[in-house]
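Chemist: Take a look at the following structure, please.
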Amino acid sequence: MGTLTFNSISKHKERSTFFVDVLLPVPISNLFTYRVPMEYNDLVGIGHRVIVQFGRSRVLTGIVARIHQTPPEVYQAKYIFDLLDDQPVMKPQQLSLFEWIAGYYMCTMGEVLNVGMPSGLKLSSESKIQLNPEFDAENNVLVFSEQEQRIIDVLARDKVITYGQAADILQIKSYLKVIKSLMAKEAILIFEEIKDKYIPKKEIYYKLCPHWLQKEFLEELMIDLEKKPGQMDVLLAYLQEVPVFKNRELNAIGIEKSKLLQKGISESSLSTLEKKRVFERFTKVISRFSLPGPDENFKLQLSESQQKARGEILTHFEEKQTVLLHGITGSGKTEIYIDLISEVLAQEGQVLYLLPEIALTTQIVARLQKAFGDRMGVYHSKYSDNERVEVWRGLMAGKFPLIVGVRSSVFLPFDNLSLIIVDEEHEFSYKQYDPAPRYHARDVAQVLAKIHSAKVLMGTATPSFESFYLAQEKKYGYVLLAERYGKATLPKTIFADLSKERKQKTIKGDISSVLTDKIDAALSKNEQVIIFQNRRGYAPYIACEECAWIPKCSNCAVSLTYHMYYNQLRCHYCGHHERLPVTCPACGSTKLSTVGFGTEKLEDDLKLLFPEARVQRMDLDTTRRKYSYQKIIKDFEQGAIDILVGTQMVSKGLDFSNVTLVGVFDIDRMLHFPDFRSFERSYQLAVQVSGRSGRSVKAGEVVIQTSNLKQPILHYIHKQDFLEYYNHEILERYKYKYPPFYRIIRITLKDRDNTTVQKAAQSLAEAIKVHFNKKLVLGPHEPIISKIRNFYLMEILVKIPRNGVDLARMKTNLMQAANAQKEEKKYKRVYVVFDVDPY
């Protein structure tokens with residue numbers, strides 16, 4: 001694919017023929033060329049949305065990426081159907097970013113667009129039914145059934161109906177057969193009505209009709225309404241809120257209907273006055289966001305160490321694009337962010353504040369709102385399509401110079417971006433896995449900053465090895481913030497030996513006596529507790545005590561997780577669920593028991609151990625609704641929850657002053673996960689969740705449960721000495737050719753037939769080894785989960801040195817090998833997925 005160019009179209013007055021290359025939200029490599037109707041010549045521009053026909057019947061929303069006067073050579077260009085916007089909805093900088101992402105992450109620009117542009121900016125279509133213009137109802141000799149005639153009669157009257165309306169008219173399950181029959185008899189036509197998905201939020205307002213703005217006429221009206229107290233109350237309520245005698249121009253603004261009704265007036269009286277032409281109803285498009293202005297009492301005061309760190313950051317920014325702020329938990333990194341954001345906004349620049357988890361936005365937004373008020377837009381997947389479109393358009397209009405959001409925020413239409421803050425930069429939640437593009441927002445942020453000549457500040461208490469390595473190599477600036485804010489100190493770490501407790505029989509379920517005693521002590525002092533367990537559900541699986549049968553997903557090669565609340569066995573990969581069996585399907589035994597602990601079972605056991613405590617769970621199952629995070633976090637902040645049990649979403653960035661104890665329920669499972677990053681991520685999670693404890697003047701403690709106290713990683717976690725741990729681990733990375741010294745590209749092959757996918761993987765691996773060092777091509781092998789959604793999987797790992805190689809050429813070789821295999825008939829249906837930097 002050639003490099004995109006973004007020259008604006010010159011305003012030609014002569015009737016020239018123009019063509020546009022359109023980016024479509026489909027997984028194809030090329031842009032498609034369309035012809036511009038003459039009436040749009042002076043209107044169309046880069047970044048405009050257009051409606052085009054793609055293929056025989058598909059109608060899509062595309063983005064104009066290039067304008068020229070060269071027709072395509074291999075096909076005849078179709079005309080664009082319509083131009084949707086007066087102004088572009090995308091910036092040239094976005095299209096540059098899309099092109100880089102497609103190239104680096106080995107996908108298509110269409111896939112990037114599909115993820116990058118909110119659904120609300122794409123058009124939807126709805127099938128509609130109308131009478132065939134050539135159908136003559138009076139002279140027709142065909143015989144129609146009663147149901148068919150009913151549809152014809154309704155269409156003769158209403159002209160157009162939807163499929164849903166047809167179903168309502170017929171009141172039968174087989175209504176589609178009636179429609180098909182009418183189509184066969186050429187009595188009706190089906191067509192697609194295209195409409196914009198985005199629906200602005202509107203509110204009803206009322207104002208006085210102009211006649212009553214004359215004082216003498218208004219006085220006559222009030223005399224007339226003296227015997228109609230309900231209507232008089234409406235008028236007086238309006239005049240109280242909108243004093244038109246003092247300023248007649250206020251009447252044009254009017255008042256919300258909802259606000260009037262809050263005054264206790266009668267809605268029927270309001271309707272009567274509207275009919276009498278006393279009041280006039282109108283609608284206003286309003287924002288879905290109602291953040292108040294900044295807090296006038298908000299004052300930011302940096303400590304001496306924070307001021308020193310801020311100064312070092314600015315010094316590094318003079319020479320480097322990116323700075324890594326390594327601040328221990330509770331050191332006050334957010335205050336430094338706020339100070340830098342204030343400086344950028346004062347210079348009329350834009351700021352992107354990236355967060356890894358939606359859960360973090362609740363507390364961060366509350367803190368930022370005090371400083372920046374309604375100048376801040378929030379962007380994440382819990383928001384509706386309409387809300388995301390309003391943030392998108394608000395950014396383009398200059399309403400939101402500060403955006404706080406998760407990884408998808410990198411796709412927003414910035415045009416004056418000055419600073420990107422990547423908070424908790426180590427977090428693997430910044431990585432998108434499915435669908436393509438499988439991008440990492442931290443790395444995309446670097447390219448986004450380069451496009452805008454902006455700066456990047458990455459903050460964390462536990463740096464990723466890649467970022468810390470680049471800081472050590474002097475490619476990033478590095479700033480250390482090594483003390484907690486105020487008088488807070490780091491929590492004391494205690495290890496609970498599960499093996500010893502099992503032998504001594506002091507353990508209760510899987511909760512050690514050490515953790516139980518510490519929870520009891522914290523609760524007795526009215527302090528709060530967080531328990532971290534990185535597995536949701538009630539139990540990882542159930543098993544038959546007699547024959548060891550374990551229920552498996554019918555679509556995936558995994559056991560089903562038991563969720564007690566729903567009394568279901570669920571697959572966390574494909575969503576399949578089924579009822580918990582009463583007896584074992586294999587042997588008929590009723591002895592089915594749960595094995596292992598999920599957050600749901602842990603919550604249950606804690607309620608039994610501490611019946612007086614208020615226990616709440618925060619995981620994917622309890623936070624599916626839009627405001628679930630906010631409610632749980634608010635309740636915990638206000639002391640309505642004593643013990644909060646959660647997955648990794650409780651491990652980072654949250655700040656609760658009354659939490660003095662954190663329990664890490666099962667660190668062994670994280671340590672022994674088969675992944676070269678398992679120790680790195682275990683260290684990060686343990687230190688991060690520990691950092692939730694003792695963040696005020698109250699001292700904090702952390703209890704980590706393990707069955708093996710001799711594991712070396714526990715020594716580094718206890719000391720919280722990142723540098724010592726890094727120096728030990730980085731030698732292993734170099735020895736075994738892993739990041740940050742090598743890049744990894746994971747190639748996953750999928751097919752419904754296991755034999756086919758194994759042969760395809762073997763064939764592709766051999767083809768790849770022709771172009772690569774054979775020692776750096778690992779596999780093919782079955783992944784840990786070898787079947788998902790009825791597709792069997794095989795993987796090939798390719799390691800590529802970070803320096804001294806032509807990365808683009810190597811990626812081209814990989815894609816050419818995959819495309820060549822596709823040409824073989826037996827492998828035509830095998831899916832090949834590339835994932836760059838998968839870990």
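Chemist: Could you list all residues from region 31-80 that are at pLDDT below 90 and assigned to a strand (DSSP E or B)?
Modeler: The answer is I51, V52, Q53, F54, R58, V59, L60, T61.
Chemist: Let me ask something else about it. Can you find, within region 358-408, the residue that is nearest to H440 (Cα to Cα) among those that are open to solvent by 30 Å² or more (accessible area, probe 1.4 Å) and not in a helix (DSSP H, G or I)?
Modeler: S381
Chemist: Scan region 778-787 for residues that are part of a strand (DSSP E or B) and under 12 Å from N754 (Cα atoms) and jot them down.
Modeler: K787
Chemist: Scan region 106-126 residue by residue and report those that are crowded, with 18+ Cβ neighbours inside 10 Å and under 20 Å from G405 (Cβ atoms).
Modeler: V112, L113, N114, V115, G116, M117, P118, G120, L121, K122 - these are the residues of region 106-126 that are crowded, with 18+ Cβ neighbours inside 10 Å and under 20 Å from G405 (Cβ atoms).
Chemist: Among (1) open to solvent by less than 90 Å² (accessible area, probe 1.4 Å); (2) over 14 Å from A184 (Cα atoms); (3) in a helix (DSSP H, G or I); (4) not aromatic (F, W, Y), which single condition is A137 missing?
Modeler: (3)
Chemist: What pairs come up if the first residue lies in region 218-243 and is farther than 18 Å from I255 by Cα and open to solvent by 80 Å² or more (accessible area, probe 1.4 Å), the second is in a loop (DSSP other than H, G, I, E, B) and at pLDDT 90 or above, and their beta carbons are under 8 Å apart, counting only those six or more places apart or on different chains?
Modeler: none
Chemist: Please go through region 409-428 and pick out each residue that is part of a helix (DSSP H, G or I) and either free of Cβ contacts under 8 Å to residues at least 60 places away in the same chain or touching a Leu at 6+ places or on another chain (Cβ under 9 Å) (or both).
Modeler: Of everything in region 409-428, those that are part of a helix (DSSP H, G or I) and either free of Cβ contacts under 8 Å to residues at least 60 places away in the same chain or touching a Leu at 6+ places or on another chain (Cβ under 9 Å) (or both) turn out to be S409, V410, F411.
Chemist: Considering each residue of region 640-696, count those that are of a type outside the set (S, T, N, Q) and within 26 Å of R624 (Cβ to Cβ), and give that number.
Modeler: Residues meeting the conditions: 27.
Chemist: If you don't mind, there's one more thing I want to ask. Being surrounded by 14 or more Cβ atoms within 10 Å (Cβ to Cβ) and at pLDDT below 85 is the filter here; which residues of region 288-304 pass it?
Modeler: Scanning region 288-304 gives R288, F289, L291, P294.
Chemist: Of all residues in region 714-725, count the ones that are out of contact with any Pro (no Cβ under 8 Å at 6 or more places or on another chain) and open to solvent by less than 60 Å² (accessible area, probe 1.4 Å).
Modeler: Going through region 714-725 one residue at a time, the tally reaches 6.
Chemist: Right, next: In region 778-787, how many residues are surrounded by fewer than 19 Cβ atoms within 10 Å (Cβ to Cβ) and in contact (Cβ under 8 Å) with a residue 60 or more places away in the chain?
Modeler: 3
Chemist: So is R692 farther than 22 Å from E501 by Cβ, out of contact with any Asp or Glu (no Cβ under 9 Å at 6 or more places or on another chain), in contact (Cβ under 8 Å) with a residue 60 or more places away in the chain and open to solvent by less than 20 Å² (accessible area, probe 1.4 Å) or not?
Modeler: For R692, the condition - farther than 22 Å from E501 by Cβ, out of contact with any Asp or Glu (no Cβ under 9 Å at 6 or more places or on another chain), in contact (Cβ under 8 Å) with a residue 60 or more places away in the chain and open to solvent by less than 20 Å² (accessible area, probe 1.4 Å) - is not met.
Chemist: Among the listed residues K811, K775, K826, which satisfies the condition of being in a helix (DSSP H, G or I), open to solvent by 50 Å² or more (accessible area, probe 1.4 Å) and either within 15 Å of K759 (Cα to Cα) or in contact with a helix residue (DSSP H, G or I) (Cβ under 9 Å, 6 or more places away or on another chain) (or both)?
Modeler: K826
Chemist: Anything in region 68-105 that is hydrophobic (A, V, I, L, M, F, W, C) and open to solvent by 30 Å² or more (accessible area, probe 1.4 Å)? List them, or say none.
Modeler: Matches in region 68-105: V74, F81, L84, W100.
Chemist: Related question: So the check is Cβ under 6 Å with 6+ separation or different chains; which pairs have a first residue in region 304-321 that's more than 15 Å from I341 (Cβ to Cβ) and a second one that's modelled with pLDDT under 95 and open to solvent by 60 Å² or more (accessible area, probe 1.4 Å)?
Modeler: Matching pairs, first to second residue: S305/E483.
Chemist: Next up: I'd like to check something: does region 500-512 contain any residue that is more than 30 Å from G588 (Cβ to Cβ), small (G, A, S), at pLDDT below 95 and open to solvent by 20 Å² or more (accessible area, probe 1.4 Å)?
Modeler: No.
Chemist: Conditions first: (1) within 20 Å of L97 (Cβ to Cβ); (2) within 23 Å of the chain's Cα centre (by Cα). K450 passes all but one, so which condition is the exception?
Modeler: Failed condition: (2).
Chemist: Return the residue satisfying two criteria in turn: it lies in region 628-649 and is assigned to a loop (DSSP other than H, G, I, E, B) and out of contact with any helix residue (DSSP H, G or I) (no Cβ under 9 Å at 6 or more places or on another chain), and of such residues it is farthest from Q363 (Cα to Cα).
Modeler: G639
Chemist: Quick one: which of S593, S559 is surrounded by 16 or more Cβ atoms within 10 Å (Cβ to Cβ) and not aliphatic (A, V, I, L, M)?
Modeler: Going through S593, S559 in turn, the sole match is S559.
Chemist: Can you tell which of F317, F279 is over 32 Å from the mean Cα position of the chain (by Cα) and either of a type outside the set (D, E) or open to solvent by 40 Å² or more (accessible area, probe 1.4 Å) (or both)?
Modeler: Selected residue: F279, the only one of F317, F279 that is over 32 Å from the mean Cα position of the chain (by Cα) and either of a type outside the set (D, E) or open to solvent by 40 Å² or more (accessible area, probe 1.4 Å) (or both).
Chemist: Something else now. Does I494 satisfy the condition of being among the hydrophobic types (A, V, I, L, M, F, W, C) and open to solvent by 10 Å² or more (accessible area, probe 1.4 Å)?
Modeler: Yes: the conditions hold for I494.
Chemist: Taking into account only those residues within region 152-164 that are at pLDDT 85 or above and touching a helix residue (DSSP H, G or I) at 6+ places or on another chain (Cβ under 8 Å), which is surrounded by the fewest Cβ atoms within 10 Å (Cβ to Cβ)?
Modeler: Among those that are at pLDDT 85 or above and touching a helix residue (DSSP H, G or I) at 6+ places or on another chain (Cβ under 8 Å), it is V154.
Chemist: I'm trying to understand the selection: among the residues of region 424-436, which are surrounded by 23 or more Cβ atoms within 10 Å (Cβ to Cβ) and either within 17 Å of the chain's Cα centre (by Cα) or polar (S, T, N, Q) (or both)?
Modeler: E424, E425, E427, Y430
The values are calculated or read from the model by the stated rules, or taken from the named source; none is laboratory data. All values reported here derive from a predicted model rather than from experimental measurement. Cβ coordinates were reconstructed from backbone atoms using ideal geometry, including for glycine residues, and neighbour counts include every protein chain displayed. Note: areas computed on protein heavy atoms with side chains; ligands, DNA, RNA excluded. Shrake-Rupley method; radii C 1.70, N 1.55, O 1.52, S 1.80 Å.
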